[in-house]
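Reading through the structure tokens given below for one structure.
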Amino acid sequence: MTFDDKTRAFMDKIAKKGSVLGLDAMCLLMQALGDPQEQLQVIHVAGTNGKGSTCAMLQSILCLQGYRVGLYTSPAVFCYEERFSIDGAYIDAATFNTYMHRMEDAWQEVERQHGVCATIFEVETALAYLYFYEAGCDYVIMEVGMGGATDASNVLNHSLCSVFAAIGRDHMQFLGPDLESIARIKAGIMKAGGQAVSTWQEPKAAKVLEDVAKAGKTGLTFCDESKVKIKQRKPLCYDYKEFSDIEVPLEGSYQLQNSVLVLETIRTLRKLGVFISDAAVKEGMQKTVWQGRMECLCKEPLIYMDGAHNLPAAKRLWETLESDFTNKSITYIMGVLADKEYEEMLALLLPRAGHIYTVTPDNARALPAEKLQKTIENLSYAALACPSLEDALYQALQAGDDMILAFGSLSYLGDFKKIVKASVKE
């Protein structure tokens, strides 16, 4: 996206403030904008892994039904504007710059009157709410950034439905040292007297969700894994409760769990009076596109990338490799962030590796490729640190394995995809 000078200067200024937990500044910023979020029908999606795919499927289905649907996600993987979309179309530069100028005016008003400064993520989230409201969206799907209770997206007195994808261990330095602590913060998006839907969870996480729902008199429905009847694994096709022959184009064994969560959410929305036909559900699911999650970039040679950037996601990736790529030798291209449980990820995934090439993601929190290489070698596997993504792809293409898989951090997948498209001719 092309930012004008005024927008760039403002964003650079507030980006220096980093992340601040709490909703005080966000509430004041939204008040300065007229609290547009309270006029929206929000489907609020939290969890550790699977949020993005869940949001994409929900948007696709609701759009096929004829609704105008806003979707806000983070972080951006392929382009900045992908975070703000209406009916699948990203916000354009001119519109974004206009809204960001209004954000600056509101930000300055809050700073002047209250001495409080909103962060860049808070400003972006506020922009999304205002943009979707003024665009006349029928429904808005908001993906929680990191936690839940204190996430900027949670500046809501009510929501249409709170949705929980799989909850696991990630961002422990912010959310707490154990699964129960993390689940409790994520459960904070539930609204008293409202409705919530959750995928099947680890028992400790499920218990937290149940306790929070009971305390707030929130209606909570869990997906029932026993009601899934799989007809075909690849491409995935299954029945769930009253839904039959649901086809999911997104690859990865974990998309079964995400898509069932979407179906259970549709059931709850219907109970709330939202009309969604079976035809819209089936067609919307079939037409869902979500980049970077077990995405096939090239069939000859076979190249995939996956956004497995934490231990729970690595477990899901391992399950996919075991079920869908059983007899294939795999070259890994890996780049990770230093604050992730990368040693545990390596211990899980290295046994499936043929050749391994490490890279340094373009991120301030990146683990240097050389340090990742050393960690892999300490686990008795061979690896080569590459100076660039181009070099890593070149080395991987020479390795001669059945497929290439790039994973470890979302922050380099966008660049990797561009390099593959420019370098490999099928």
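Read the figures in this text as sums done on the coordinates, not as results from a lab. All values derive from a computational prediction rather than experimental measurement. Here the Cβ positions follow ideal geometry from the backbone for every residue, glycine too, while neighbour counts run over all protein chains shown.
Once both labels are positioned 7 Å from their Cα atoms along Cα-to-Cβ, the gap between residue 291 and residue 98 label points is 2.5 nm.
For the range 203-267, the spread of Cα coordinates along the three principal axes comes to 41, 23, 18 Å, biggest extent given first. Sorted from greatest to least, the principal axis extents spanned by the alpha carbons of the chain come out as 59, 53, 41 Å.
Computing FRET efficiency as 1/(1 + (r/R0)^6) for residue 224 and residue 382, where r is the C-beta to C-beta distance and R0 is 60 Å, gives about 0.85. Straight-distance candidates among the lysines for linking to residue 207, with alpha-carbon spacing under 27 Å and chain neighbours fewer than 8 residues away dropped: 51, 186, 191, 217, 227, 229, 241, 271, 315, 340.
Per residue, how much space in cubic angstrom lies within the convex hull of the C-alpha atoms of the range 49-115?
Details: hull volume 8.3 nm³, N = 67.
In the range 49-115, the Cα hull volume divided by residue count equals 124 Å³.
Rounded to 0.05, the FRET efficiency of the residue 241 and residue 272 pair, given R0 = 22 Å and the Cβ-Cβ distance, is 0.80.
What's the extension gain from residue 39 to residue 2 if we count 0.36 nm per residue and subtract their Cα-Cα distance?
Stretched out fully, the residue 39 to residue 2 stretch lengthens by 10.3 nm.
With coordinates expressed along the principal axes, the C-alpha atoms belonging to the range 190-328 extend over 53, 35, 25 Å, beginning with the largest. So if we plug the beta-carbon distance of residue 298 and residue 398 into 1/(1 + (r/R0)^6) with R0 = 22 Å, what FRET efficiency do we get, rounded to 0.05? Calculated value: 0.90.
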